[in-house]
1. On full extension of the chain, what length is gained from H46 through A133, given 0.36 nm per residue of separation minus the C-alpha to C-alpha distance?
2. Write down the accessible area per residue of the chain in Å², having rolled a 1.4 Å probe over the full set of protein chains.
3. Using only the Cα atoms, work out Rg/Rh for the range 92-136, with Rh taken as the Kirkwood radius, to two decimals.
4. Roughly how many percent of the accessible protein surface of the chain is carbon and sulfur, given a 1.4 Å probe and a whole-percent answer?
5. So which residue, out of E123, E94, E134, gets the largest mean-square fluctuation from a GNM of the chain using Cα contacts under 10 Å as springs?
6. Which residue, T22, T106, T137, tops the fluctuation ranking in a GNM of the chain built on C-alpha contacts under 10 Å?
7. With the chain treated as a Gaussian network of Cα nodes joined by springs under 10 Å, which of K119, K151, K141 yields the largest mean-square fluctuation?
8. Of all alpha-carbon pairs in the range 24-117, indicate the percentage at a distance above 18 angstrom.
Amino acid sequence: ANQSEVAMAKKIQARRSKIHGTGVFAVADIKKGDFIIEYKGLLRSHAEVDSAYEADDETGHTFLFTLNDDYVLDANIDGNDARWINHSCEPNCESSHVEHAGGDATKDRIIIEASRDIKAGEELSYNYGIRLAERHTAKLKKLWACLCGSKHCTGTMLQPKRG
């Protein structure tokens, strides 16, 4: 880990969340644009993930982050505290896809950065940006329900279909 990662690790803490389960909180002020954490997990193909979790469809793929067209980061295995950052409709962080300079899709990274100044004690969140190919049925919306509590909450983590 580099120095900025070590320094930031001291500024965040995973603990019980009002939004859902475990969350990640700022224990010191964080400035807009600051690198917070890299999303880590086992690199798996989409097919591997689908076969590993097909029976868990009712829970949603909570600790899976789509890296690119070929790969998914599975934070159920080799994950770090980034997997505990909850979704919000009014987030204070954003996730960024960092492509490997040499074009090696297995070396792409996902990083989480502050999208605004964050005060100590605030829970960190970002918009998961979940897009599903299938129709957004009531069952799917319930499966991907959002509990962020924002007055702008859409009630679901699913993003609107592009028109």
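1. 29.9 nm
2. Ligands and nucleic acids excluded, the result is 59 Å² per residue.
3. 1.12
4. Carbon and sulfur together cover 49 percent of it.
5. Between E123, E94, E134, it is E134 that shows the largest mean-square fluctuation.
6. Result for the chain, Cα springs under 10 Å: T137 fluctuates most.
7. K151
8. Considering the range 24-117, 49 percent of its Cα-Cα pairs are separated by more than 18 Å.
The values are calculated or read from the model by the stated rules, or taken from the named source; none is laboratory data. Worth saying up front: this structure is predicted, and the values here are computed from it rather than measured. Every residue, glycine among them, receives a Cβ derived from its backbone with ideal geometry; neighbour counts consider all protein chains shown. Accessible surface is based on the protein model in full, side chains and every heavy atom, while ligands, DNA and RNA are left aside. Shrake-Rupley method; radii C 1.70, N 1.55, O 1.52, S 1.80 Å.
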